[in-house]
Amino acid sequence: MSPGNSGRLVILSGPSCVGKSPLYECLGKFYPELRNRFHRLVLINSRDPRPGEIDGVDYHFRKRAHVEALRMDHRYAVLEVRTDLQALDVEELESLLHRGDVFFEGNPYVARALQTHPHLADINRLSIFLSPLSREEIAYFKMPERNISLEELLTEIMRRKLLRRTRRQKGELSAADLDNVETRASSAYRELQAAWHFQYVIPNHDGEDSDNWDAFYYPIGDARKTLDAFVGLLQGRVQPSVEKWEENLLLRPEN
C-alpha cells in the first residue's frame with residue numbers, strides 16, 4: 001500500500017448464511033450515518049446472481065473464463081471460493097482507501113486474502129467474524145463425554161439454515177440448488193477454523209434464514225444483539241457479547 005493512505009478496511013466475514021447481509025442492511029436502516037461512511041468493496045464473481053442481487057452492487061458477475069483469465073494480471077488476486085472463482089482488484093481497493101473507509105462483507109477465503117495480501121500489509125483494518133456458534137457452545141460440544149462431531153454438527157446447522165434461505169428465495173429446489181447448499185454447509189467448519197485470525201468474533205444464531213431481522217421492523221433476538229455489537233465495534237466499543245478466539249478452540253481435547 002502506498003504512503004498517505006488514510007482509510008480503514010472493515011472486514012465482516014463468516015460462513016454462508018450466517019447473517020452478514022441482513023446485518024449490513026440493518027446497519028443502513030438504523031445507522032445510516034455509519035454505513036454512509038463506507039465505500040463498499042465489490043468483487044468479481046464467476047457465479048450467477050442470486051434472487052435480488054444486482055450486478056455492480058453485490059458483485060461484478062462475470063463468466064468463469066473471464067475471472068480465470070485475471071490470474072495473469074498482477075492487479076488482481078483470484079481466489080477459489082467453494083465452487084466459485086472470485087477476484088479482488090487490489091488497485092481499486094488501494095484507490096478506495098485513499099478516499100476513506102472501505103467495507104467488505106463476504107466469505108472467509110476472501111477475508112483472509114485481504115488480511116494477508118502483501119500489497120495490503122500496511123493498511124488499518126477492523127476484522128470481524130460472525131459465527132453460528134458461541135465460544136462457550138463450541139467448548140461444550142467438543143468435550144469428549146458429549147461424543148459429538150463438531151464438524152458434523154456445524155454442517156447440519158448450516159445445512160438447515162441454507163435450505164430455509166434457499167427455499168425462501170426460490171421455492172422448489174433443483175438438484176443444483178441442493179448441491180450448492182451441501183457445498184456451503186460442508187465448508188462452514190473449515191471457515192470457522194479461520195475465525196481466530198480475526199480481531200473480534202460475534203456469535204449469531206439468527207442467520208439469513210431468520211425472521212428476527214425484519215419481521216417486526218426492529219430486529220429482535222440475536223439479530224438485535226449482533227447489530228448492537230457490530231455498531232459498537234465500528235464506534236470503538238467492545239460489548240460483553242463480543243469474543244476473541246484462540247487458535248486451538250476447534251481442536252478436540254485429548255482424553
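Quick notes
- Dipole of the chain [Lys/Arg +1, Asp/Glu -1 at C-beta], most positive-end residue of 36, 24, 140: 36
- Ignoring lysines fewer than eight residues from residue 142 along the same chain, the ones with Cα atoms less than 19 angstrom from its Cα are 244.
- Within the chain: Cβ-based charge dipole about Cα centre, in debye rounded to nearest 20 (Lys, Arg +1; Asp, Glu -1): 240 debye
- Estimated distance in nm for a label pair at residue 29 and residue 156, the labels positioned 7 Å out from Cα along Cα-to-Cβ: 3.2 nm
- Residues 33, 246, ranked from the fewest to the most other C-beta atoms within 10 Å, line up as 33, 246.
- Basic side chains Lys and Arg get +1 at the Cβ, acidic Asp and Glu get -1 at the Cβ, and with that the dipole of the range 166-230 about its Cα centre reaches some 140 debye.
- Normalising the average separation of contacting C-alpha pairs (under 8 angstrom, six or more residues apart) by the number of residues puts the relative contact order of the range 1-88 at 21 percent.
- For the chain, calculated [θ]222 nm from helices alone, where every DSSP H run of n ≥ 4 adds -39500 (n - 2.57): -12000 deg cm²/dmol
- In a fully extended conformation the segment linking residue 74 and residue 116 would gain 13.5 nm over its present Cα-Cα distance, using 0.36 nm per residue.
- For the chain, projected area of the alpha-carbon convex hull averaged over all directions, nm²: 14.6 nm²
- Virtual spin-label span in nm between residue 63 and residue 251, 7 Å along Cα→Cβ: 4.7 nm
- Sorting 38-51, 114-127, 190-203, 135-148 by their mean Cβ neighbour count within 10 Å, with the most densely packed peptide first, gives 190-203, 38-51, 114-127, 135-148.
- Candidate cross-link partners of residue 170 among the aspartates and glutamates, defined by an alpha-carbon separation under 18 Å and a same-chain spacing of 8 or more, comprise 48, 53, 179, 182, 208, 209, 211.
- Rounded to 5, the percent of DSSP beta bridges in the chain classed as antiparallel: 30 percent
- GNM top mover of 207, 52, 106 - the chain, alpha-carbon springs below 10 Å: 52
- Links that overshoot a 20 Å alpha carbon limit, given the list 29/161; 20/225; 20/161; 29/225: 29/161
Just so you know, all these numbers are worked out from the coordinates, no wet-lab data involved. Not measured: the values here are computed from a predicted model. We place every Cβ from the backbone using ideal geometry, glycine too, and count neighbours over all the protein chains shown.
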